[in-house]
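The structure appears below as structure tokens.
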Amino acid sequence: MFTKRRARKQAELHEELAAALRDPDAEVRRKASKAAAESGDLRWALGELTQAMEREPWAESFSETVVEGFAAALRRERALRERTEQIFTRYLDDPEGFVRAWTALTAELGGAPAVRDVDSDLRDDTRSCLQQLSDRAWPDGGLFSVGEPNGFLRNAAFDDAVSLACHALRGSTPLSEQEADQVRAETRTALKNALLHTPGSEERATLLAPFTPATELEAWTDRARAVIRADEALALCPSQPNEGGEGEGEDEAQDMVTLGVQALARILFGKMVRRDRVLETLDRLVARQAHDTQDPFLVSAILRCYHHLHRPMSLENPPLDLFMDGLRHPHPAVRVSAADGLIALAAGSPEEGRAVQGLVGLLEHDPDDGVRRTAAAELRWLDDGGTAHDGLAAGALERQADSADPEIRALSVSDALRRGAPDALDRLLGALASPDPHWDLLVGLSYVPDGPRRGLPSRSVRKVLIERLETLRDSGWAERNAPEDFTAGDAREELTTLLDTMRNR
């Protein structure tokens, strides 16, 4: 009798947890996943959690979803934990092998069938995920040589790895045939309409803007949508100049190529897809003719594509000469694109010093304010490694303390705070006292010390900072000065969060 009662109660618990794992509320699902992981029936829990992980909606931080319970369940059984660790250790440099081994494991647990054919996009997503793990400060003994098995540090490393793996694999969600046809039709319509407008026009930019999904609207299917859009954009960039459509003139064919690369730049800003094909296309376009004779909007888009490809996963041979030449291009759009991301491409290379010198030259001498702002922003994010070109960048930004451009002044203040310059806080307080200080000053606030540093009285300064921020908030400053990619609500929330952080320091 007791055995039947226990079985009935367990069945009821399983039914409740299975329903909770399908609840539309993310927090309900997360708590249910942790409860399931502690269930007496581990095999049942693993099957339910594997399936729950594979249908989990998009989340920027996948670790705060049902994957918490999934990872905890994997850790409960020694043999399963060791097998999982071996998969990561063995395939850390082999993304295709990792996908096959990982999906074979999850298939055994009750998930979708194992993946046999790994396409280039899934390979690159997984490589990026594994690269993140490689970049962690793990000791030479390997990813899972941290601490003792089932110790806090070891479990944290395990959960981190599982979360990243689930994130990469979950992103391979395909579209239905009907959805794919719809995205393809919408993309073709947008490209056709964009072709009616000139390459540098606001109208074309508006039509291409949806190719980069807004963060708050992201879904797992965004990668599949990006793949379709990238294929349509690549179709506008034929391998030979005479492969254009029937009856097309040379100018129209050239504009189609420009449009295709502009679309790719938008797509790659949001997702890394078709990496090999895009690189092949970019390299071919650069080699076809001297870039300084091309349409400046095409050159600008090519540079942005290279930058977007390099950011998540470094290019083996980044085209630094192309970017350095771009700094001297007669069109400001090209100079902006060449300056933006140059530090990322040159970091750690023998050319880093030359890149910094080029950016300093733009900051101090370029006639276009947009180019100078971009150069200042790049120099502002240069790592302070104590090298000669670090000092060159710091000196250039220091000389912009009285710049006529408010954004450049704000970047100068922010850099001074980062370096701990003696007058940095006075400059920040002075800038925040103006009726409409630049938004980039908020970035500098992250460098205000928590405690005394170089003799700066942080408690009293913090009080004044809070008062200044409250005055700005009450005046509607955040809404008036929101960055382009912020809504008024986003800006207000960002300022409120910063105020809360300053008060709780």
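The values are calculated or read from the model by the stated rules, or taken from the named source; none is laboratory data. Bear in mind the structure is a predicted one, so any value in this text is a computation, not a measurement. Using ideal geometry, Cβ is built from the backbone for each residue, glycine included, and neighbour counts are taken over all protein chains shown. The accessibility values were calculated without ligands, DNA or RNA, using every heavy atom of the protein model including side chains. Shrake-Rupley method; radii C 1.70, N 1.55, O 1.52, S 1.80 Å.
Being farther than 24 Å from TRP44 by Cα, among the aromatic types (Phe, Trp, Tyr) and at pLDDT 80 or above is a property that PHE144 lacks. Among the residues of the stretch 206-215, are any surrounded by fewer than 19 Cβ atoms within 10 Å (Cβ to Cβ), over 22 Å from CYS305 (Cα atoms) and either in contact with a helix residue (DSSP H, G or I) (Cβ under 7 Å, 6 or more places away or on another chain) or at pLDDT below 90 (or both)? No, the stretch 206-215 contains no residue that is surrounded by fewer than 19 Cβ atoms within 10 Å (Cβ to Cβ), over 22 Å from CYS305 (Cα atoms) and either in contact with a helix residue (DSSP H, G or I) (Cβ under 7 Å, 6 or more places away or on another chain) or at pLDDT below 90 (or both). Would you confirm whether or not the stretch 148-168 contains a residue that is closer than 26 Å to ARG22 by Cβ, at pLDDT below 85 and open to solvent by 70 Å² or more (accessible area, probe 1.4 Å)? Within the stretch 148-168, none of the residues are closer than 26 Å to ARG22 by Cβ, at pLDDT below 85 and open to solvent by 70 Å² or more (accessible area, probe 1.4 Å). Taking the listed residues GLY47, GLY40, GLY69, the one that is assigned to a loop (DSSP other than H, G, I, E, B) and either at negative phi or open to solvent by 30 Å² or more (accessible area, probe 1.4 Å) (or both) is GLY40, with no other qualifying. In the set ARG372, ARG354, only one residue is charged (D, E, K, R), over 24 Å from GLU280 (Cβ atoms) and buried (at least 19 other Cβ atoms within 10 Å of the Cβ); that residue is ARG372.
Residues that are in contact (Cβ under 8 Å) with a residue 40 or more places away in the chain, open to solvent by 10 Å² or more (accessible area, probe 1.4 Å) and either basic (Lys, Arg) or not in a loop (DSSP other than H, G, I, E, B) (or both) within the stretch 80-102 comprise ARG81, GLU85, THR89, listed in sequence order.
One residue alone among GLY395, GLY420, GLY391 is at pLDDT below 85, more than 24 Å from SER460 (Cα to Cα) and among the small types (Gly, Ala, Ser), and that residue is GLY391.
Looking only at residues in the stretch 381-413 that are in a helix (DSSP H, G or I) and in contact with a Ser or Thr (Cβ under 6 Å, 6 or more places away or on another chain), the one that is most open to solvent (accessible area, probe 1.4 Å) is ARG409.
The residues of the stretch 54-66 that are within 16 Å of GLY111 (Cα to Cα) and either open to solvent by less than 10 Å² (accessible area, probe 1.4 Å) or touching an Asp or Glu at 6+ places or on another chain (Cβ under 8 Å) (or both), listed by number, are GLU56, VAL66. The number of residues in the stretch 313-348 that are within 20 Å of GLN294 (Cβ to Cβ), outside any helix (DSSP H, G or I) and open to solvent by 20 Å² or more (accessible area, probe 1.4 Å) comes to 6.
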